[in-house]
Amino acid sequence: MSRVTHPHDRRVWADGIAVTRTAAPPRRRLGEILVELGIVTDDQISQALELPRAGNERLGDVLLREGLVQPRDLLRALASQYDLEFVDLDDHPLDADLTQAVPVHLSRRHRAIPVWRADGRIVVAMANPADVLALDDIRSALGERVRPVMADGRQISAVIDRLGHSDTRVQEAIEAAVDNAAANAVVESQPTETIEVEEKAPIVKFVELLLSKAVQERASDIHIEPTADSLRIRFRVDGVLHEAMAPPRSLQNGIISRIKVMADIDIAERRLPQDGRVTTVVGEQSVDLRVVTLPTVHGEAAVLRILRNDDIGAGLENLGFLPGQLDRFRSAIDRPWGAILVTGPTGSGKSTTLYGAIEELKDTTRNIVTVEDPVERRMSGVKQVQVNTKAGLSFANALRAFLRADPDVMLVGEIRDGETATIAVEASLTGHLVLSTLHTNNSASTPMRLIEMGVEPFLVTSAVSAVVAQRLARRLCDRCRIGREMTLDKGVDAGIPEHFFDDGPLELFHPAGCEACGHTGYRGRFAIHEVMVMTDELAELILHRATAEDVERLAIEQGLSTLRHDGLTKVADGLTSLEELLRVTG
């Protein structure tokens, strides 16, 4: 009688009797799993296997290097290969008490963190679940049974910081700085020739942790503000300020002095505003900081603007232009001459739009020069000049020099005065394409603003090709947004035009809040625009010094999509909420 055996059966001897045990099946190949999941094709796997590898580089590393897979997809496939669950930490509510149960140094060392309980065990998210030593350390720290799951290592680090570990480090730095300040006060009360004052290392550490926390929370600005009895530190995230921490008032001078030293600002001068700039490394990311100090009635305040190279210079398609608006803008920058102005308040993304235009214009046939204050992003193939008022180099002086340097395209960081405005307009009339920014509320009020600065109306109408008004709105978190139906009656009451309801009720989305967005309901920002192209009819109105309302009315008749209308279109597309649009457009 024959016996069918399992293909992975093996025979072992126990007490002289043959016993059949089933061995674990061989581990599936990573390439097979990726093909099964539809992430890559067989041909792509074959090509990757034929590529040269450096050192211990594995197939997954090669696929990442060649851009054939995304990190998240590779992790999901690796989890399947090891018969483990893969979890996206942004999609799950975490148990904050559990995440705090493991010492900080242990979580960071092993990139592992307990996240929740399930089936009588503690689920531990790990970047490398095969690390049995790390698992033993976590199990010992918790004193309970654990179940490892695979997660993105970057997400694990972000969770550690977001749920309190970074705050613990900041608090420790604050306490150390306070202790150090108290010790220095005692030292300073003693004869200076007998006691040596230590360097204030705790303050240095605190400022480093402050910058790290700001970058982790995607802050664009840090505000350090003394009050009558405290020191308030706020972060601007997605355009909105929120409280970050409140260190003791006794640390104010030390923090401001450290920031001044970093930005090469005179630490002895506390009566006048000062500004500086510094490039530093936060984590593994290089960031530029623009620093401004202000004397207030309660002492010096400071504002640090964080500039990230990866946030600047995106293509025009990625800046939020609707197709019609983008066509209008591109038709203007494709002209060999003329002035194109981008308007809006500070922090509305004007420079990013100009950089996007320069990236499209940049080629070997054009001589492109810029004058900026400051130069926010270094671009290859472009001559960039930094304004230096102390040395006598202003926007106007730089523009005059540019006109003698055979330029094709000139970018002026900002038109601040009548002299700069006049030179820029005249340059656009002599065969140059001029790009610049101006502070106005909308596109229709921009020509009159130039006239008020001293530019003749006939020069404005002849030189200006297009005006782009811009605002930044917060993008709804796509993981937690909530959809609600809005009828025509309610929509009209809310100021939404009737044609938005031609296909029936609208589904509008609202913020909810989750771990991925820091419980704000929003993550990231996009731009809303209005692009006004100069026409003969508009030029006639401007020559007669018509009001901005009359100019806007005619521009709308000629096809202008206003900021409000552009924003409503994006609200209807689910990109943001109606409340957010009203916040940024008024």
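The values are calculated or read from the model by the stated rules, or taken from the named source; none is laboratory data. All values derive from a computational prediction rather than experimental measurement. Counting neighbours? That spans all protein chains shown, and the Cβs are built from the backbone with ideal geometry, glycine included. Just the protein is used for accessible areas: all its heavy atoms, side chains included, with ligands, DNA and RNA removed. Shrake-Rupley method; radii C 1.70, N 1.55, O 1.52, S 1.80 Å.
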Of Lys213/Lys362; Lys260/Lys390; Lys260/Lys362; Lys213/Lys570; Lys350/Lys383; Lys205/Lys390, pairs whose Cα-Cα distance is over 28 Å: Lys213/Lys362; Lys260/Lys362; Lys213/Lys570; Lys205/Lys390
FRET efficiency for Ala405 and Ser380, using Cβ-Cβ distance with R0 set to 22 Å, rounded to 0.05: 0.75
Computed over the chain: relative contact order in percent, which uses C-alpha pairs under 8 Å that are six or more apart: 8
Loop-resident sites, region 241-275, for trypsin sites (Lys or Arg not before Pro), counting at most 10 other Cβ within 10 Å (DSSP): Arg271
Residue-averaged 222 nm ellipticity for the chain, from DSSP H runs of 4+ at -39500 (n - 2.57), nearest 500: -10500 deg cm²/dmol
Accessible surface of region 203-266, 1.4 Å probe, proportion on carbon and sulfur as whole %: 48
Filtered trypsin sites (Lys or Arg not before Pro), region 371-433: DSSP coil and at most 16 other beta carbons within 10 Å: Arg378, Arg404
Radius of gyration, Dmax [region 290-443; alpha carbons; angstrom]: 16.2, 55
Which of Val584, Ala548, Leu538, positive extreme of dipole for region 527-586 (C-beta unit charges): Val584
Whole-percent carbon and sulfur share, accessible surface of region 450-529, 1.4 Å: 44
Long-range amide H partners of Arg277 with built H, under 5 Å: Val291
1.4 Å probe accessible area per residue over region 242-387, in Å²: 47
Under the span-like rule (Cα at least 20 Å along the axis, Kyte-Doolittle mean at least 0.5), DSSP H helices of the chain: 201-216
Cα gyration tensor, region 238-378 - rounded (a/c under 1.5), prolate or oblate: prolate
Hydrodynamic radius by Kirkwood, which averages 1/r over all alpha carbon pairs of region 219-297, in angstrom: 13.6
Assigned charges on the beta-carbon of Lys, Arg, Asp, Glu; region 262-337 dipole about Cα centre (debye): 280
Residue-span extension gain [His519 to Arg583] - 0.36 nm each, minus C-alpha spacing: 21.2 nm
Glu507-Trp116 pseudo-label distance in nm [points 7 Å out on the Cα-to-Cβ vector]: 2.5
Pairwise FRET efficiency - Glu243 versus Leu133, Cβ, R0 = 30 Å, nearest 0.05: 0.15
